[in-house]
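These notes are about the structure you will find just below.
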Amino acid sequence: MKKLSLSKEYDLLLKQNNICRLNSSDIWAYPNFPHQIVNNYGWKIHISAVLTNAIDIAQRFFNLNRKKCWDFKIIASISELERLNLGYYGNSQVGKFITIYPKPQNVLETLEILHYYFHNEIGIAVGSDKSYKLNSNIYYRFGTLLSDIKNIDHRDKTLHPFKDAQKIPDYDLQHYHKLPSRYLILKVLKHLGPSGVFLGLDVKFMKKVIIRYACKYFNIESSNIDEADRLLSSSNILNTNEILKDSGFENIIDTFYLDNSVVIVTEFIEGESLDELAMSNKLSTLSLKERLNIFNQILFLINKLNKLEISFRDLSFSNVILSQDKQAKIIDFNYAISKSGISCFAKNSINPAGTYGFYNPYEQSIVEFPDRFSLAQFLYFLVYPDTYISFMKNIDIDTSYSEIVSYLKKAQKKKLPKDLLNTYSKLIHGKYIDKLNL
Ligand SMILES: Nc1ncnc2c1ncn2[C@@H]1O[C@H](COP(=O)(O)OP(=O)(O)O)[C@@H](O)[C@H]1O
Ligand SMILES: [Mg+2]
């Protein structure tokens, strides 16, 4: 579209949404509802745009804001946007197409909503701000909202957030361009396109670590959640106090950005996964009581997560490591979700997730505790490890879901002993089980 028609269309859009300048020399236009800013200092959010997507971004923002009613200002015309992005109003102003003033208690929620809403657009970096989760359009900073009575934000430099300001986990993450020298890569455990899992060495503590990384946009869902977002969510969950304190979950050590990727570093757990133990026939050499003890440990950990309103969603033999002293630990929180905070992914609809044999994608979105289905399957395979082996041998990347269901039926012909069958059916139907009496 030509610049002149862009301008006309933009002017019309502002007019239709009752957004106008307060006086003719103003470069900003405002909505006609009264300003709601009450504090002198706080978080503010900037949405950036280039000339070619400004109208689309503005239109979508107005649609969203019909429900959200955020206080905001927007550049008054396309020619002002051009000047703004060229640095005409100072380099610190570049990219500030829309400024949002969220309520102090809703900053994180607002950033999350905007992040998924404008996930895949082109934007311009806002020099004075941090990009939110590597987003090209969403930037935020702590600064002056009303009058700068303390004279601390005289020029447009970054203020440190006050102690009572809402915590934004992204704000504390470092951005690197190469792997910090604290970590050495020892071995590639898994490398799939723009994501991977490495065995590493933490030179600071001379301990082995697991380094997971994912590039932005990899493995993206229709609601714009990508693998980098999932890693940030798993970091968030693993950093919850109750989870940090429990040695049954892999311990998180570090989270940072590396160019266009998210990296999380967790402890390396010495031992073997239940998958490895089952496939090498070692699991069946443990007594039934020992295997049921593993089940009780996992049941306790999953119940703990569920009480914290977290669904793990990927319980499987591959995601449980048994240490030498037979302690079971849960790893790989990428698909875990929670009811609030950043791990609810701004309440967007989330694709089903899980591991073949351990989940039911159709039920996942409708049942309250999808992990209980996985626990039931987990119990079955612990009692009969040979059924796990025969099931897994049929599965590869091309197996369809209906084939998986029929292989599973074939593999799970044996009936569980009566008392365990009772527990199994309760779990399959999403009921709570405290523990097995051994
Ligand atoms: N904390 C850990 N300690 C030891 N080994 C781990 C740990 N995390 C992952 N691994 C190993 O790396 C493999 C892949 O990691 P995971 O995060 O489960 O990725 P994915 O499920 O996508 O393959 C695991 O199956 C396990 O063998
Ligand atoms: Mg895994």
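Read the figures in this text as sums done on the coordinates, not as results from a lab. Since the structure is predicted, the reported quantities are computational estimates derived from the model, not experimental observations. Every residue, glycine as well, gets a Cβ built from its backbone with ideal geometry; the counts of neighbours run over all protein chains shown.
For segment 310-315, in order, what is each residue's ³J(HN,Hα) by Karplus, 6.51 cos²θ - 1.76 cosθ + 1.60 with θ = phi - 60°, in whole Hz (x at glycine and Pro)?
10, 9, 6, 6, 9, 6
Please list, ordered by chain and number, the residues whose modelled amide H lies under 5 Å from the amide H of Leu258; skip anything fewer than 5 residues away on the same chain.
Residues meeting the amide H criterion: Tyr176, Val263.
Taking segment 349-438, which GluC sites (Glu not before Pro) meet the DSSP loop condition and have no more than 10 other C-beta atoms within 10 Å?
Of the GluC sites (Glu not before Pro), the ones in loops of segment 349-438 whose Cβ has at most 10 other Cβ atoms within 10 Å are Glu368.
If amide H atoms are built 1.01 Å from N in the plane of the peptide, which residues on other chains or at least 5 residues away come under 5 Å of the amide H of Lys208?
Amide H neighbours of Lys208: Asp202.
In the chain, which helices (entire DSSP H runs) extend 24 Å or more along their own long axis, judged by Cα positions, while averaging at least -0.5 on the Kyte-Doolittle scale?
Once both thresholds are applied, what remains is 288-307.
For segment 3-160, what class follows from the C-alpha gyration tensor (a ≥ b ≥ c being the square roots of its eigenvalues): rounded when a/c is under 1.5, otherwise prolate if a/b is larger than b/c, else oblate?
rounded
Please give, to one decimal in nm, the separation of the simple spin-label points placed at Tyr401 and Glu276, each 7 Å out from Cα toward the Cβ.
Using points 7 Å along Cα→Cβ, the separation is 3.2 nm.
Just to confirm a number: summing +1 for Lys and Arg and -1 for Asp and Glu over residues other than Asp56 whose beta-carbon lies under 11 angstrom from that of Asp56, what do you get?
-1
Fewest first, what order do Cys69, Cys215 take by the number of other Cβ atoms within 10 Å?
So the ranking, lowest neighbour count to highest, is Cys69, Cys215.
Given only helices, namely DSSP H runs of n ≥ 4 each adding -39500 (n - 2.57), what is the per-residue ellipticity at 222 nm of the chain, to the nearest 500 deg cm²/dmol?
Mean residue ellipticity at 222 nm (helix-derived): -9500 deg cm²/dmol.
Per residue of segment 249-259, in order, report the coupling 6.51 cos²θ - 1.76 cosθ + 1.60 (Karplus, θ = phi - 60°) as ³J(HN,Hα) in whole Hz, putting x for Gly and Pro.
The phi angles translate into 10, 4, 7, 8, 10, 7, 9, 7, 9, 10, 6 Hz.
If you plug each phi of segment 343-360 into the Karplus form 6.51 cos²θ - 1.76 cosθ + 1.60 with θ = phi - 60°, what whole-Hz ³J(HN,Hα) values come out, in order, with x for Gly and Pro?
7, 9, 6, 6, 6, 6, 6, 10, 5, x, 9, x, 10, 2, x, 10, 8, 10
So for segment 3-160, averaging the separation of alpha carbon pairs under 8 Å that are six or more residues apart and normalising by length, what relative contact order in percent results?
Here the relative contact order equals 28 percent.
Let me check I've understood the local charge: for Lys204, count other residues with C-beta under 12 angstrom from its C-beta, Lys and Arg +1, Asp and Glu -1. What total comes out?
For residues surrounding Lys204, the net value is 0.
Please report the relative contact order for segment 306-438, taking Cα pairs under 8 Å with a sequence separation of at least 6, and give it as a percent rounded to a whole number.
Normalised by residue count, the contact order of segment 306-438 is 24 percent.
Taking amide H positions as placed in the peptide plane 1.01 Å from N, state which residues far from Phe249 in sequence (5 or more) or on other chains have amide H under 5 Å from it.
The list, which skips near neighbours in sequence, is Ile330.
Among 375-386, 218-229, how do they line up from the highest to the lowest mean number of other beta-carbon atoms within 10 Å?
Top of the packing list down: 375-386, 218-229.
If we count every other residue with Cβ under 12 angstrom of Arg372's Cβ, Lys/Arg +1 and Asp/Glu -1, where does the sum land?
Spelling it out: positives minus negatives among the neighbours equals 0.
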